[in-house]
1. Could you tell me the calculated FRET efficiency between Asp335 and Met1, based on Cβ-Cβ distance and R0 = 56 angstrom, to the nearest 0.05?
2. Is the range 337-408 rounded, prolate or oblate when judged by the Cα gyration tensor, a ≥ b ≥ c being the square roots of its eigenvalues, rounded requiring a/c under 1.5 and prolate requiring a/b larger than b/c?
3. For Arg249, Arg29, give the ranking by accessible area with the largest first, probe 1.4 Å.
4. Within the chain, what percent of beta bridges assigned by DSSP are antiparallel, to the nearest 5?
5. Suppose R0 equals 25 Å. What FRET efficiency, 1/(1 + (r/R0)^6) with r the Cβ-Cβ distance, do Ile43 and Glu67 give to the nearest 0.05?
6. Length gain on complete extension for the stretch Thr173 to Glu351, per 0.36 nm per residue less the alpha carbon to alpha carbon distance?
7. Quick check: pseudo-label points 7 Å beyond the Cα along Cα→Cβ at Tyr402 and Asp53, how many nm apart are they?
8. Could you give each residue of the range 358-363 its phi-based ³J(HN,Hα) in whole Hz, using Karplus coefficients 6.51, -1.76, 1.60 with θ = phi - 60°, and x for Gly or Pro?
Amino acid sequence: MKYIAVLGHGTVGSGVTELFIKNRTSIERKAGMELDIKYILDIRDFPDHPLADRFTKDFEKIVNDPEVAVVVEVIGGLNPSYSYVKRCLENGKSVVTSNKELVATHGAELLKLAKDNNLNFLFEASVGGGIPIIRPLSQCLSANELFEIAGILNGTTNYILTKMITDGISFETALANAQELGYAERNPSADVDGADSCRKICILASLAFGHHIYPDKVYTEGIRNISLKDVEAAKSFGGVIKLIAAASRLENGKVQIFVAPCILNKVSQLSHVDDVFNAILVKGDAIGDVIFYGRGAGKMPTASAVVADVIDAVKHISARKMLYWSDAIEGSVEDFDKFQTSYYVRCLRNEKTAKLVASVFGSVNYIEGYGDAELSFITPLSTEGELKAKCEQLKAEGIDVYSTIRVIDL
Ligand code: HSE
């Protein structure tokens, strides 16, 4: 018998206990041993829960109980999760977490701590909810040199954009629906402003490229400024707006990494990933392109990945899983001003605009349908730095720029 403790009984934590109770027989068969949840840590009481007698408010009881082999951290955030996870690893307990903020911020340190203590620190649920992606990257694709990972990593924003695109629904209503459905973070700013996607692409890039990439090194832009006008403009030339998180290894050895709304052509498989679904495109030298697709958020899909990690952890109590990356390498992230693509630009239209656009951007492709007040167009290839400078030139001539969105090829 191996004992498990679950820290946190929110959306994911309650899913973990529910799934464990529901599928216990097959979970134990796959683990090859009997398992039980000995503790559930939460500051609240749950007297009607089938495991009501396991609830505790005392973390010390858990961390000091030698019978607890695996601790599941599903509290989220950094405090107290970080100190709890550290204490568990220092006290001989393997840890499974769905907490992307924790892994993106302290992953290298916690992986080292786990390694030094011959324990496992597993976090399949931290990226892509129920989609298997951490294990495929660290095991199934380990023979490859991976050179690009790009995907839709946030269910809430994908749900919002899908509703804006297909139903013409407002941003606010779509966000409220996503919150009701349990997709959004406690503070939905982490979803809509891109931090959640940023943490996830940092985890994937750290795993793929072998050294920690911290979120503060990543250019991150959310979807707050995307308007229904932009959605319609993208549609008019066969494009779809998606919040893309991408990381690639450049020829100079640096990693180019960003999170931003992008316009994808409808021929891209990622352009068809809708609602709460996530998809991750991975490019490797032997495999070519491979796509992972599924439910990227929600109680049971996330619990599915957490419980699978628990099974893996109990099966590897004294044989570590090789999941590791080193700490950050100074200067390894490329300056985002060097990123090059073409851009959709929407700006004020007056009698000077067309002439100015031609002199600043050269030959552009205009998008029809903006009436007399606005003009929109697709620029030739340009770097981020160049685009910013060009938009400044327009602004200096009194032409307000309302929107710039990268048009990318995936
Ligand atoms: N808020 C996250 C999302 C939850 O919407 O994708 C899963 O990480």
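1. E between Asp335 and Met1, to the nearest 0.05, is 0.55.
2. Values: a/c = 1.84, a/b = 1.40, b/c = 1.31.
Prolate.
3. From most accessible down to least: Arg29, Arg249.
4. Among the beta bridges of the chain, antiparallel pairing accounts for roughly 65 percent.
5. 0.60
6. Separation in residues times 0.36 nm, less the Cα-Cα distance, equals 60.4 nm.
7. Between Tyr402 and Asp53, the simple spin-label model gives 6.4 nm.
8. 5, 6, 7, 9, x, 7
The values are calculated or read from the model by the stated rules, or taken from the named source; none is laboratory data. Just so it is clear, the model here is predicted, and its values are computed rather than measured. Every residue, glycine among them, receives a Cβ derived from its backbone with ideal geometry; neighbour counts consider all protein chains shown. Surface areas here come from the heavy atoms of the whole protein model, side chains and all, with no ligands, DNA or RNA. Shrake-Rupley method; radii C 1.70, N 1.55, O 1.52, S 1.80 Å.
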